[in-house]
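**Student:** Pasting a structure below so you can have a look.
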Amino acid sequence: MTVVSQAPTMHAAPTVLVGVTGGIAIYKAVELVRGLVKDGFQPLVVTTEAAQRFVMPLTFAAVAQAPVLDDQSAWQASGGWFRHIEAARQASVMVVAPATANTLAKMAAGMADNLLTAIYLAFRGPVIVAPTMNWAMNEHAATRENVHVLAERGVEVLPTEEGELACGEEGSGRMASPEAIRLAVRRAFAASAAGPLAGKKVVVTSGGTRERIDAVRFIGNRSSGKMGRAVADETYLRGAHVTLVTTQPADGTPYDIVRVESASEMAAAVTEAVRDADVLVMAAAVADFRPRDEEGGKIERGDRETLTLELVRTVDVLASTARPGLFRVGFAAEAGPRLDRARAKKAAKGVDLLVFNDILAEGVGIGSDENEITILGPDGEIHVPRTTKPACARAIVDQIEKGVGG
Ligand SMILES: Cc1cc2nc3c(=O)[nH]c(=O)nc-3n(C[C@H](O)[C@H](O)[C@H](O)COP(=O)(O)O)c2cc1C
């Protein structure tokens with residue numbers, strides 16, 4: 001058995017260009033810049049004139065701990081003559097957040113009438129944009145076309161989210177969360193070392209299912225969905241196209257989310273999602289049994305002393321997805337150090353990897369932020385001592401990459 005130890009990764013503060021434009025979601029850009037500093041990046045903030053009407057450059061300078069570039073600084077003689085070229089050379093990744101309809105249009109058209117758009121044209125690395133606007137502006141054919149043109153040219157366009165908009169209307173136009181944008185930036189850095197998962201389609205499940213008893217009650221479990229979310233984040237970071245099928249709210253992801261509730265909904269969503277997938281990771285805690293019948297209303301207590309529910313087996317999602325070309329990863333949460341049961345499960349389900357954890361071990365596993373796992377693979381068993389779930393996810397995804405990369 002190999003023991004994996006997690007050495008911390010050191011960063012030398014690589015520069016990220018952060019273009020900030022005049023959208024109301026600009027207050028989230030302040031949090032984004034702060035988050036990028038926490039992630040080990042040096043943000044180089046470039047604001048448009050409209051952006052400065054919303055937030056003073058000083059705010060960005062203070063959180064980035066660096067001067068902010070704007071149109072005026074481009075025309076000043078101090079500190080170099082070609083600000084737009086120097087800034088473009090300095091950074092490895094560029095992100096525009098918030099990205100207004102106006103700036104997206106200029107980027108698509110190749111206009112360079114302000115410092116931000118001039119830098120964009122001069123920049124040769126990966127570009128991420130986080131559009132945000134009123135839903136009608138967002139749906140306008142001109143905006144759709146501009147976004148399409150940018151995506152076709154390789155710009156990563158982070159989808160807008162549905163919900164209440166600052167203008168008071170409802171619809172799709174909210175900016176991706178700072179967390180989602182940070183993940184996209186980290187992925188853009190990692191993508192330069194394109195590994196075996198780059199461009200592969202990965203489906204991950206997470207969370208505990210709920211099996212309805214009646215209109216208000218259900219049979220559930222304590223799974224938080226954190227392990228699956230960590231695996232989804234990690235595969236996304238390594239360049240995969242990720243779909244997370246989950247029972248948990250999953251705002252703030254830069255990849256696709258499919259929300260489900262019950263085991264049968266999860267089975268249907270997974271069957272659909274894995275059709276053209278390369279990898280399936282079943283980290284969800286799926287119920288083994290469900291009530292035979294769901295009562296329409298609410299079961300009354302009345303004068304009953306007992307209530308008997310008849311339970312029937314649910315679909316075995318993992319077993320039903322087996323097909324050549326699909327790398328499958330299962331999870332086995334066992335009560336006690338029952339590696340023998342995990343080995344039997346791996347053989348029975350025919351999975352490529354099986355991740356075992358002992359649910360009775362103190363402070364780890366279901367609902368907790370940490371885990372201690374053993375990964376059963378074709379080349380033996382790898383024990384990952386107690387650590388964070390993201391660190392466990394890295395160890396699991398290392399093994400997936402080995403399997404997928406041949
Ligand atoms: C209060 C207010 C909020 C605005 N919010 C947005 C927005 O969320 N998205 C957008 O595309 N434009 C928005 N605009 C319009 C832009 O500020 C305007 O198109 C501006 O010219 C954008 O310039 P820039 O792209 O150079 O920053 C807003 C304007 C105002 C006054």
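**Student:** State the extension gain, in nm to one decimal, for the chain segment bounded by residue 152 and residue 381, taking 0.36 nm per residue of separation less the distance between their alpha-carbons.
**Tutor:** Here the answer is 78.2 nm.
**Student:** Now for a different question. Give me 266, 227, 111 ranked fewest to most by other Cβ atoms within 10 Å of their Cβ, as a rough exposure proxy.
**Tutor:** Values: 266 25, 227 30, 111 14.
Ranked by crowding around the Cβ, least crowded first: 111, 266, 227.
**Student:** Further question on the same structure: So what's the angle, to the nearest 10 degrees on a 0 to 90 scale, between helix 263-273 and the longest Cα principal axis of the chain?
**Tutor:** The angle comes out at about 50 degrees.
**Student:** Let me ask something else. Work out how much length residue 214 to residue 316 would gain on full extension: take 0.36 nm times their residue separation and subtract the Cα-Cα distance, in nm to one decimal.
**Tutor:** Contour length minus the Cα-Cα distance gives 34.4 nm.
**Student:** Moving on to the next point. If you count, for each residue, the other Cβ atoms within 10 Å and average over each peptide, how do 339-348, 86-95, 229-238, 280-289 line up from highest to lowest?
**Tutor:** So the peptides 339-348, 86-95, 229-238, 280-289, ranked by packing, come out 229-238, 280-289, 86-95, 339-348.
**Student:** Turning to a different aspect of this structure: How much net charge surrounds residue 76 when only other residues with a Cβ under 12 Å from its Cβ are counted (Lys, Arg +1; Asp, Glu -1)?
**Tutor:** Every neighbour counted, the sum reads -1.
**Student:** Tell me, what is the FRET efficiency for residue 140 and residue 288 to the nearest 0.05, using R0 = 35 angstrom and their Cβ-Cβ distance as r? Kindly include the intermediate steps, with their values, before the conclusion.
**Tutor:** Numbers: r = 49 Å, r/R0 = 1.40.
So the FRET efficiency works out to roughly 0.10.
**Student:** Using the Cα centre of the chain as the reference point, and only Cβ charges (+1 on K/R, -1 on D/E), how large is the resulting charge dipole? Debye, rounded to the nearest 20. Mind showing how you got there, number by number?
**Tutor:** Working: 43 positive and 49 negative charges, 184 e Å.
Here the chain has a charge dipole of around 880 debye.
**Student:** Still on this model: For residue 200, list the lysines whose Cα falls under 16 Å from its own Cα; do not include residues on the same chain fewer than 8 positions away.
**Tutor:** 402
**Student:** Can you classify region 258-347 as rounded, prolate or oblate using the Cα gyration tensor, where a ≥ b ≥ c are the square roots of its eigenvalues, rounded means a/c under 1.5, and otherwise it's prolate if a/b beats b/c and oblate if not?
**Tutor:** oblate
**Student:** Let me know the shape class of region 39-104, please: from the alpha-carbon gyration tensor, a ≥ b ≥ c as square roots of the eigenvalues, rounded when a/c is under 1.5, otherwise prolate if a/b is greater than b/c, or oblate.
**Tutor:** On the way: a/c = 1.26, a/b = 1.12, b/c = 1.13.
Rounded.
**Student:** If you don't mind, another one. Could you give the length gained on full extension between residue 307 and residue 272, defined as 0.36 nm per residue of separation minus the Cα-Cα distance, in nm? Walk me through the numbers on the way to the answer.
**Tutor:** Numbers: separation 35, 0.36 × 35 = 12.60 nm, distance 3.67 nm.
Contour length minus the Cα-Cα distance gives 8.9 nm.
**Student:** Related question: Going by average Cβ density within 10 Å per residue, which order do the peptides 143-154, 254-265, 23-34 take, highest to lowest?
**Tutor:** 23-34, 254-265, 143-154
**Student:** What are the aspartates and glutamates whose alpha-carbon lies under 16 Å from the alpha-carbon of residue 389, with same-chain residues fewer than 8 places away excluded?
**Tutor:** 233, 234, 358, 362, 369, 370, 372, 398
**Student:** Obtain the nm distance between the two label points defined at residue 62 and residue 265 by a simple spin-label model: each point lies 7 Å from its Cα along the Cα-to-C-beta direction.
**Tutor:** 4.4 nm
**Student:** Say R0 is 41 Å: what FRET efficiency, to the nearest 0.05, do residue 222 and residue 89 get from their beta-carbon distance? Show your work: numbers first, answer last.
**Tutor:** Working: r = 51 Å, r/R0 = 1.24.
Taking R0 as 41 Å, the efficiency between residue 222 and residue 89 is 0.20.
**Student:** Further question on the same structure: Across region 266-406, how large is the tail of the calculated P(r) beyond 24 Å, expressed as a percent of all Cα pairs?
**Tutor:** That tail contains 41 percent of the Cα-Cα pairs.
Each reported figure results from applying straightforward, stated rules to the coordinates on display, with no laboratory input. Worth saying up front: this structure is predicted, and the values here are computed from it rather than measured. With ideal geometry, Cβ positions are generated from the backbone for all residues, glycine too; neighbour counts draw on all protein chains shown.
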